[in-house]
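Below is one structure, written out as structure tokens; comments come after it.
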Amino acid sequence: MKRPVIGILRILTVKCMARVGCFPGNRYTRYQGDQVTSQFDYTINPKWKFSVYNTYALTKATNGNATSARENEYVLTRDLHEWEMDLTIDSNKVKARHFMLFSVLKRLQV
């Protein structure tokens, strides 16, 4: 089985205000075709952040799927001093909805 080719390109980074970021871009995969991506980040306060990531298909994928395939990802991040905790909801028209909980160590002190 061949590995998919994935390329992500952020065309523009816009810092709308001190707490808001907007990131349009382009993503290409061999099996899903060419897609437009957008990400919106909002910092609620120093400990909480909310992000939305979307993909929109531009061309028909090589496997014949319809062009309306779309992915939505919502992330709520909480800063826990040395850790960050992410609650992620990932929704895709082709697949089911996923709920994920991540904990990330910010830095390792040696």
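Values quoted throughout were computed directly from the atomic coordinates according to the rules given, and no laboratory measurement underlies them. Please read all numbers here as calculations on a predicted model, not as lab measurements. All Cβ positions, even for glycine, are placed from backbone atoms using ideal geometry, and neighbour counts span all protein chains on display.
A few remarks follow.
- Förster radius 25 Å - calculated FRET efficiency between ILE44 and LEU105 (Cβ-Cβ, nearest 0.05): 0.65
- Approximate spin-label separation ASN54-ALA96, in nm, with each point projected 7 Å along Cα-to-Cβ: 2.6 nm
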